[in-house]
Every structure is written in structure tokens, then in C-alpha cells.
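What follows is one structure encoded as C-alpha cells, with my remarks underneath.
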Amino acid sequence: MSDALAEPFADQGVIRRLLNESRTWAFVGLGDNPHREVYNQARLMQQRGKTIIPVHPSGETVLGEAGRTSLRDVGPVDVVGVYRRAEFAGEVV
């Protein structure tokens, strides 16, 4: 096993549980730009039956889901993906 896979955040059991048992994913930084990785990841999760919630300052609808301008506007979720530059991620967390 590589050193990267030995990290706790890369635990195969955790990854499996997140993918199989979660239902709702909030994607911070998700806008309607299909050329960004966050868009591709959200689309993939949606195709796998997950409910996605776009969180972006514009609050735009993405992939058919109504956007929110802040995580404060989002109800309970199972997973939050933060797709922001490191210097801005702290304010989200």
C-alpha cells in the first residue's frame, strides 16, 4: 500500500461507507461550469443516485438542483465537499 493510501482520509472502509451509505452531498464551490472538477464530481454522485446541493455565492441552479449561497442555508447532509482554494476554505469550514 502506498503512503497516500495509509492516511486516515483514504481508508478504504471509510470511502466505501461514504459512497454506499450517504444520500445527500453538498458541494461548496459548485457552479454551472462543466469544465470544473467539482461539476464532474457532483454529476457523478448525482448519476449514482445521490442528492446534490450546489453551494455557491451565486446560488444558481446546477444539474437541475437549486443552489444555496451558504452552507448555513443547507439542511442536514451526509457529506460536504469543499472545492475552494485553500486560503478561502477556512471560512467555509
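For the reader, a short list of remarks on this structure follows.
- Residues of region 1-31 classified as modelled with pLDDT under 90 and not in a helix (DSSP H, G or I), total: 4
- None of PRO57, PRO34 is in a loop (DSSP other than H, G, I, E, B), open to solvent by 30 Å² or more (accessible area, probe 1.4 Å), out of contact with any Lys or Arg (no Cβ under 9 Å at 6 or more places or on another chain) and not acidic (Asp, Glu) except PRO57.
- Close Cβ contacts (under 8 Å, 6 or more residues apart or on different chains) running from residues in region 69-81 that are in contact (Cβ under 8 Å) with a residue 40 or more places away in the chain to residues that are of a type in the set (D, E, K, R) comprise VAL74/ARG68; ASP78/GLU21; ASP78/ARG23.
- Residue among ALA26, ALA86 that is among the hydrophobic types (A, V, I, L, M, F, W, C) and open to solvent by 80 Å² or more (accessible area, probe 1.4 Å): ALA86
- The residues in region 37-54 that are more than 14 Å from LEU19 (Cα to Cα) and open to solvent by less than 60 Å² (accessible area, probe 1.4 Å) can be counted, and the count is 5.
- Residue that is least open to solvent (accessible area, probe 1.4 Å), among those in region 60-80 that are in contact with a helix residue (DSSP H, G or I) (Cβ under 9 Å, 6 or more places away or on another chain) and within 11 Å of THR24 (Cα to Cα): VAL79
- Test: residue in region 64-86 that is closer than 16 Å to VAL38 by Cα, basic (Lys, Arg) and in a loop (DSSP other than H, G, I, E, B): yes
The values are calculated or read from the model by the stated rules, or taken from the named source; none is laboratory data. Note that the structure is a prediction, hence the values are computed from the model and not measured. Positions of Cβ are generated from backbone atoms using ideal geometry, with glycine treated the same way; all protein chains shown enter the neighbour counts. Protein only, heavy atoms only, side chains kept; ligands, DNA and RNA dropped before computing areas. Shrake-Rupley method; radii C 1.70, N 1.55, O 1.52, S 1.80 Å.
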